[in-house]
1. Going through region 252-267 one residue at a time, which ones are surrounded by 14 or more Cβ atoms within 10 Å (Cβ to Cβ) and more than 39 Å from the chain's Cα centre (by Cα)?
2. Search region 25-36 for residues being surrounded by 14 or more Cβ atoms within 10 Å (Cβ to Cβ) and touching a residue at least 24 places away in the same chain (Cβ under 8 Å), and hand back the single one that is farthest from residue 72 (Cα to Cα).
3. Of all residues in region 79-132, how many are assigned to a loop (DSSP other than H, G, I, E, B) and closer than 30 Å to residue 205 by Cα?
4. Can you name the residue in region 133-159 that is within 20 Å of the chain's Cα centre (by Cα) and in a loop (DSSP other than H, G, I, E, B) and, of all such residues, is surrounded by the most Cβ atoms within 10 Å (Cβ to Cβ)?
5. Failed condition for residue 374, given (1) without any contact (Cβ under 8 Å) to a residue 60 or more places away in the chain; (2) out of contact with any strand residue (DSSP E or B) (no Cβ under 9 Å at 6 or more places or on another chain), with all others met?
6. Under 25 Å from residue 215 (Cβ atoms), in contact (Cβ under 8 Å) with a residue 40 or more places away in the chain and in contact with a strand residue (DSSP E or B) (Cβ under 6 Å, 6 or more places away or on another chain), is that true of residue 150?
7. Give the number of residues within region 1-39 that are more than 29 Å from the chain's Cα centre (by Cα) and closer than 29 Å to residue 165 by Cα.
8. Counting just the residues of region 16-53 that are more than 21 Å from residue 96 (Cβ to Cβ) and in a helix (DSSP H, G or I), which one comes out modelled with the highest pLDDT?
């Protein structure tokens with residue numbers, strides 16, 4: 001294609017892009033639509049049934065998308081099957097560069113690329129995509145006929161997919177991290193009424209496992225209990241730091257910054273440097289937790305326990321003077337713990353300091369008292385128990401320091417061991433099959449899926 005000059009280039013041919021193309025053509029604009037997928041309609045193509053489009057009740061998403069495209073074709077809207085690599089803004093025109101090397105000059109560019117599938121970003125998801133992990137029930141549902149499946153989410157799409165799969169599958173689990181569903185009331189009622197759909201609120205998917213094919217989905221069962229356990233660890237770390245190291249609270253930086261400011265004014269440079277080092281270590285703990293969580297597949301919950309254990313062991317070997325040096329490991333470990341255990345049951349809740357937890361506890365009980373909304377009660381319980389657990393950790397730490405001095409650090413291994421136990425038993429598979437069973441059934445399901453697809457086309 002030779003270089004062109006257009007009034008308008010539309011990138012994407014979903015409902016928005018097609019609608020814009022129709023209006024542009026009716027306005028007598030020289031327009032072209034660029035679509036990389038090879039078909040128009042966007043995500044609506046994968047929707048089994050559309051009930052909220054006026055005049056077309058019960059229309060399938062695929063059928064509706066075809067009507068949209070036919071409307072554009074009837075107006076002779078030109079389409080290019082290509083992928084845009086970049087858009088260059090020049091003084092008078094924009095240059096739209098395509099992956100195949102072609103360039104289109106235009107006065108205006110409208111980006112209508114739509115949205116992508118939201119992923120869980122859990123271990124096993126990427127590896128098993130296309131081998132049991134799917135983002136389109138209507139596209140791939142036939143592969144799971146007479147099987148047990150799990151749908152993750154609480155919006156309209158999740159519930160629509162669950163209902164669609166319920167007609168094909170033996171059992172459908174609907175996993176949602178909250179009790180309340182965000183979907184339309186009509187969909188929620190249908191899901192709750194379906195005999196083979198089991199709703200699992202307050203759960204999050206932690207891992208998708210399988211040998212070549214999905215065999216089980218690992219869900220968290222003891223999220224809140226584990227959080228309270230870690231809060232107890234946080235209280236222990238705080239008590240250990242304060243009681244053995246001249247009142248320095250190793251799990252927070254407010255006091256450290258205040259003391260640093262005062263020592264800076266007094267020109268106590270050595271102490272300023274000591275506190276600056278503590279601040280740096282705390283920052284490194286935050287950064288390490290973030291980077292490892294977002295850019296590796298490491299089990300961060302387990303790693304955080306090892307970090308806490310190592311910090312306690314190292315603290316027991318360091319001198320009590322200067323005061324801050326002995327708790328340098330605590331600064332790092334507390335920040336790391338905060339980055340990993342930052343909440344539970346859908347609520348943000350720190351395990352190393354309690355001001356916000358206490359605030360949210362009070363607000364939760366107050367809001368529940370005013371509204372009788374169970375969600376506020378759940379919130380109040382989560383935060384209240386977090387505060388109580390932290391306090392019990394402080395009590396344990398104070399007792400241990402009184403009994404064992406600097407070696408009280410090893411008493412902290414007890415709640416860490418309990419936390420490790422909760423992690424071990426706090427996950428459960430929704431279903432597990434042997435690799436041999438999966439291999440045999442996969443071949444049968446592929447054959448059945450192909451037959452079903454042919455029947456649907458007819």
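1. Result: 263, 264.
2. 36
3. 18
4. That would be 154.
5. Among (1) without any contact (Cβ under 8 Å) to a residue 60 or more places away in the chain; (2) out of contact with any strand residue (DSSP E or B) (no Cβ under 9 Å at 6 or more places or on another chain), residue 374 violates only (1).
6. yes
7. Residues that pass the stated criteria total 2.
8. For region 16-53, the residue satisfying everything is 26.
The values are calculated or read from the model by the stated rules, or taken from the named source; none is laboratory data. These numbers were taken from a predicted model, which means no experiment stands behind them. Glycine also receives a Cβ, built like all others from the backbone with ideal geometry; neighbour counts cover every protein chain displayed.
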